[in-house]
Amino acid sequence: MRTVLVILRKEFLQVFRNKGMLPIIFVAPLAQLLVLIHAADFEVRNVRLLVSDMDRSTASRALVERFNASDRFQVNYTLQGFDAGMHALDAGATDAFLRIPVHFEQDLGRTGSAPLMLDLNGVDGQYASLVLLYARQIIANEQVKVLQRMHPMANAPKPPVEVIARYWYNLRMNYKNLMVPGLLVVLVTLVGMFLSSMNIVREKEIGTIEQINVAPIKKWQFILGKLLPFWFISLFLLAAGLALGKWFFDIPIEGSLPLLFAFAAVYLWVMLGLGLFISTLSDTQQQSMFLSWFFLVIFILLSGLFTPIDNMPHWAQVITWFNPVSYFVDVVRLVLLKGSTFADIAGHFAAIAAFAVAVNAGAVLNYRKRA
Amino acid sequence: MTGGITIHAKGLTKRFGAFTAVNAIGLDVSAGEIFGFLGANGAGKTTAIKMFIGLLKPTEGEARVAGFDVYRQSEEVKKNIGYMGQRFSLYNDLSVMENIQFYGGMYGVPAAELKARTAALVDDLGLKDQLNTRLRSLPLGWKQKLAFSVAMIHEPKIIFLDEPTGGVDPVTRRQFWELIYAASAKGVTVFVTTHYMDEAEYCHRASIMVDGVMAACDTPAALKEQFKVKTMEEVFYQLARSAKRGD
Amino acid sequence: MKTFLAFIHKEFRHILRDRRTLLVLFGMPVLQIVLFGYAINTEVKEAKVAVLDHSRDERSTSLVNALFSAHWFRPVETLKSPADIDRVFKAGKAKMVVEIGPDFAQRFAEGRAQVALIADASDPNTAKIVTGYAAQMIAQWAGRFSNEHTVEVLPVQYRMHYNPEMKSVFLFVPGVITIILMLVSAMLTSISIAREKEFGTMELMLVSPLRPGMIVLGKAMPYLALSLLNTAFVLVVGLALFDVPMNGSYLLLTLEGLLFILTSLSLGLLFSTIAKTQQEALMLSLFVLMMPTILLSGFIFPTGSMPWVLRALSNIIPAKHFIIILRGIMLKGNGIAMLWPQTLVLVGMCAALLGVSIKKFNVRLQ
């Protein structure tokens with residue numbers, strides 16, 4: 001045990017002595033959490049809508065006024081027609097282009113129906129479909145008004161089934177509740193995995209590994225001594241990030257924090273062990289960095305952080321069963337937002353524990369003291 | 001020269017694929033002996049050393065270090081030897097004290113004992129005032145001497161030195177050899193590789209490797225007589241001329 | 001000139017010898033495109049839905065069957081009591097619970113039936129989309145039993161331009177190219193220079209007869225070549241495997257690519273003057289370069305929806321402008337007439353970064 005402590009002490013000394021690295025390890029990730037979280041959502045706001053109102057009637061103005069009143073749309077007018085709108089779309093000067101044809105009001109009065117034309121920049125499909133959804137909502141609201149004006153006496157027909165939507169765990173539909181814990185997972189994972197993956201290979205590069213290899217220490221002592229410092233650092237980052245999330249964004253903490261940290265502790269064994277495993281495989285820091293990057297990109301893209309796993313095709317879902325990050329992203333959200341208990345996430349626990357054993361056994365076995 | 005055999009090798013061979021780096025070398029080194037292991041670059045010195053210290057598994061032949069078999073008991077071997085490699089092996093971002101504590105701890109030197117040895121060590125090296133200085137700001141000569149002392153921190157019976165004086169000025173080299181003599185006087189076996197031929201004169205016995213084979217092994221005086229020359233340098237030239245490998 | 005060529009040769013050998021890094025460098029973009037093309041899906045499909053039906057009559061069964069008839073929803077469990085709702089959500093087994101009140105058939109006939117859609121809104125977007133779909137399907141289902149014909153008053157005819165099938169891979173290919181270029185040109189360069197510093201070989205090069213500017217150029221050349229090769233590779237994979245359109249000019253694409261690579265290289269150079277070790281260079285590039293680039297460039301999250309501070313901030317990120325250019329050329333077939341503002345911004349950034357980094361590099365020599 002003393003050997004492990006000796007290695008541990010040395011690693012900590014090296015980390016805390018490196019004045020260039022300290023802010024990068026401790027400040028950068030947390031600062032990113034605070035700033036970049038505002039960028040990380042799929043909410044649609046400030047949509048630039050170019051309107052070509054050919055009718056310029058009371059009815060058309062009322063409709064445009066509805067768009068103006070919504071905080072999702074920023075309305076701009078053009079006096080020219082179709083070509084100008086398409087040009088603006090091409091140039092990326094607008095996100096959507098609404099055309100209200102001539103005789104709009106007249107048609108409404110005569111036939112009870114007047115079509116509108118909407119051209120959208122569909123490069124980002126999801127964004128565009130949300131824009132369309134919100135535009136239709138606004139138009140539907142106006143439609144109710146129009147109907148009321150057209151049939152002032154009659155009662156508007158009531159739908160036979162009343163549908164009530166209730167949103168649990170996140171009443172205000174705050175995207176940050178979802179993204180703060182998720183982004184925190186990514187940041188902690190990035191720091192932990194990169195630090196650990198560059199560690200052993202760094203000693204290989206500067207040549208100190210030989211001196212350690214001729215010392216009579218056990219492989220597991222070495223791996224453990226190397227792993228623990230980053231384990232503490234990562235757990236600290238997680239705690240600090242949660243505190244900041246609570247403080248700045250008031251993210252809910254419904255479940256038990258000890259449960260969350262217990263899971264994080266096991267999870268970090270997996271990721272750090274993987275980092276060390278990569279480190280034992282590599283000859284240079286550059287190599288280990290690229291290998292880690294490779295794994296992290298797959299892990300993070302398939303973690304369900306940005307897009308739900310349920311949306312993925314079946315084969316991709318099968319891959320996520322072997323993705324430790326997806327388990328942690330899931331657990332963080334379950335415990336923080338819904339207050340899930342140990343019984344709820346027992347399966348996650350079992351899986352991550354199995355990974356931890358496998359990965360660390362791999363790291364110990366693959367670390368060769370002699371060629 | 002006292003005591004029994006501490007390093008023994010017979011027919012020790014290491015092959016990397018078709019390339020035979022070390023070809024059936026045999027040697028016996030006694031306790032307290034300073035054994036010089038000479039050879040041109042690429043002659044197989046480092047490969048041989050790495051087999052003795054348990055960093056490389058031999059392909060065939062036998063070798064025992066401190067009485068332990070290098071095949072099956074490499075961890076036991078490690079407890080009884082010290083090693084200082086070609087590359088500087090201490091941490092530049094740690095202080096003198098911290099480096100000593102780290103390696104002392106790795107060898108399981110008890111804390112109280114380590115404290116006493118640290119004090120004696122810095123006294124010997126005249127590093128008392130630099131105890132908390134980071135290695136980065138120490139001159140290379142001092143760092144090399146410190147590396148030697150750190151490799152001896154667990155008081156091993158045998159120390160392996162792989163070109164320990166590379167890139168060091170003559171004065172420091174002289175001081176370094178004083179450290180080697182002091183260790184030898186205490187009964188520590190010193191196994192040292194070098195390509196400074198003047199250093200070969202300091203050894204009790206010297207062997208010369210040519211193309212993975214031990215071409216000669218005797219006391220410097222006997223070697224000079226055998227080849228009818230005045231210096232070890234000339235001995236070396238005569239042997240190394242026939243070499244095919246090296247760069 | 002001869003020494004310079006020898007130097008470039010050495011740099012190339014360094015890179016080409018490291019098979020593992022090369023494999024990652026070329027394997028990763030393909031993998032990313034495959035993931036973005038097939039796996040990363042923003043469209044909600046087969047969402048897990050549980051049912052809590054208090055009526056269990058003909059009408060309610062018909063409604064439930066209607067809900068699961070399309071591929072939007074997948075039934076996971078039939079709940080017995082309202083207490084179960086919390087349980088399935090907490091175990092992450094369902095995204096939405098459809099709760100149908102008692103006496104559904106009778107109330108339906110009276111026109112006062114109620115259905116509650118309870119969504120797990122920990123992911124608000126999914127919650128919104130799932131309840132939206134469900135509400136729409138319920139309305140359609142109910143429509144089957146009514147004989148009133150309604151005319152839509154304000155029908156909307158819409159067209160999705162540039163990407164009518166709304167394939168996310170069209171969106172992501174330009175993004176992946178950008179990120180890879182950033183990775184190779186900026187991150188790899190800064191780390192490789194930091195590596196030479198760490199090993200002390202940088203000094204060796206600086207005392208050589210080569211002028212500092214040549215050294216920088218020599219270091220940058222292989223990465224420039226690698227970046228171009230990588231871009232072509234990603235492009236080919238995207239075009240061949242996923243039918244990503246290429247509506248614009250290849251020449252313009254190459255020129256703009258070179259401009260962006262040069263900008264990234266100067267960024268990498270700048271970082272290398274700050275970092276002393278490879279680790280520092282990596283972490284610095286990762287947190288100051290990669291993360292902001294990924295999140296603020298519009299690669300994944302649309303910049304338009306961000307708060308104004310971040311929108312302003314995103315403008316100083318070269319990748320944002322380059323992504324606009326790439327999407328413009330590839331998807332919209334834009335020419336320079338459309339893209340000159342972004343190009344101008346990149347040229348400005350490139351000049352400024354190159355100037356600062358060469359100046360900093362020279363200062364270090366004294």
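The values are calculated or read from the model by the stated rules, or taken from the named source; none is laboratory data. Since the structure is predicted, the reported quantities are computational estimates derived from the model, not experimental observations. No Cβ is skipped: glycine too gets one built from the backbone with ideal geometry, and neighbour counts run over all protein chains shown. Just so you know, the surface numbers come from the protein's heavy atoms only, side chains and all, with ligands and any DNA or RNA stripped out. Shrake-Rupley method; radii C 1.70, N 1.55, O 1.52, S 1.80 Å.
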In region B:100-123, residues that are more than 9 Å from every other protein chain (Cβ to nearest Cβ) and in contact (Cβ under 8 Å) with a residue 40 or more places away in the chain total 2
Looking at (1) more than 10 Å from chain A (Cβ to nearest Cβ); (2) surrounded by fewer than 24 Cβ atoms within 10 Å (Cβ to Cβ), can you tell me which one C:MET291 breaks? (1)
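Return the only residue of B:LEU179, B:LEU135 being within 16 Å of the chain's Cα centre (by Cα), aliphatic (A, V, I, L, M) and either surrounded by fewer than 21 Cβ atoms within 10 Å (Cβ to Cβ) or more than 19 Å from B:LEU94 (Cβ to Cβ) (or both).
Step by step, each of B:LEU179, B:LEU135 is checked, and only B:LEU179 is within 16 Å of the chain's Cα centre (by Cα), aliphatic (A, V, I, L, M) and either surrounded by fewer than 21 Cβ atoms within 10 Å (Cβ to Cβ) or more than 19 Å from B:LEU94 (Cβ to Cβ) (or both).
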Residue under question is A:VAL64, and the condition is that it be under 30 Å from C:VAL288 (Cα atoms), of a type in the set (Val, Ile, Thr) and modelled with pLDDT of 90 or more; does it hold? no
Is there a residue in region C:278-287 that is touching a strand residue (DSSP E or B) at 6+ places or on another chain (Cβ under 8 Å) and facing chain A (nearest Cβ under 7 Å)? no
Provide a single number: the residues in region A:327-340 that are touching a Phe, Trp or Tyr at 6+ places or on another chain (Cβ under 8 Å) and open to solvent by 10 Å² or more (accessible area, probe 1.4 Å). 2
Take A:ARG136 and tell me if it is within 7 Å of chain C (Cβ to nearest Cβ), modelled with pLDDT under 90 and under 30 Å from C:PHE170 (Cα atoms). yes
Is there a residue being among the acidic types (Asp, Glu) and under 23 Å from B:HIS154 (Cβ atoms) anywhere in region B:50-69? yes
Looking only at strands (runs of 3 or more DSSP E) that fall completely inside region B:28-100, which ones have 3 or more residues that are under 13 Å from B:GLU163 (Cα atoms) and open to solvent by less than 10 Å² (accessible area, probe 1.4 Å)? B:34-39
Can you confirm whether A:ASP90 is within 11 Å of another protein chain (Cβ to nearest Cβ), in contact with a strand residue (DSSP E or B) (Cβ under 8 Å, 6 or more places away or on another chain) and acidic (Asp, Glu)? no
Please give the number of the condition B:LYS10 fails out of (1) touching an Asp or Glu at 6+ places or on another chain (Cβ under 6 Å); (2) open to solvent by less than 20 Å² (accessible area, probe 1.4 Å). (2)
Kindly provide the set of residues from region C:217-230 that are open to solvent by less than 30 Å² (accessible area, probe 1.4 Å) and not aromatic (Phe, Trp, Tyr), ordered by number. C:GLY218, C:LYS219, C:ALA220, C:PRO222, C:LEU226, C:SER227, C:ASN230
Has region B:118-127 got at least one residue that is touching an Asp or Glu at 6+ places or on another chain (Cβ under 9 Å) and open to solvent by 30 Å² or more (accessible area, probe 1.4 Å)? no
With at the interface with chain C (Cβ under 10 Å from one of its Cβ atoms), within 29 Å of the chain's Cα centre (by Cα) and at pLDDT 80 or above as the only criterion, which of A:ARG166, A:ARG172, A:ARG202 stands out? A:ARG166
I'd like to check something: does region C:313-336 contain any residue that is without any contact (Cβ under 8 Å) to a residue 12 or more places away in the chain and assigned to a helix (DSSP H, G or I)? no
Of all the helices (runs of 4 or more DSSP H) wholly in region C:71-177, which have at least 2 residues that are modelled with pLDDT under 85 and either open to solvent by less than 50 Å² (accessible area, probe 1.4 Å) or among the charged types (D, E, K, R) (or both)? C:124-143
Identify the single condition in (1) assigned to a helix (DSSP H, G or I); (2) within 7 Å of chain A (Cβ to nearest Cβ) that C:LEU346 does not satisfy, given that it satisfies every other one. (2)
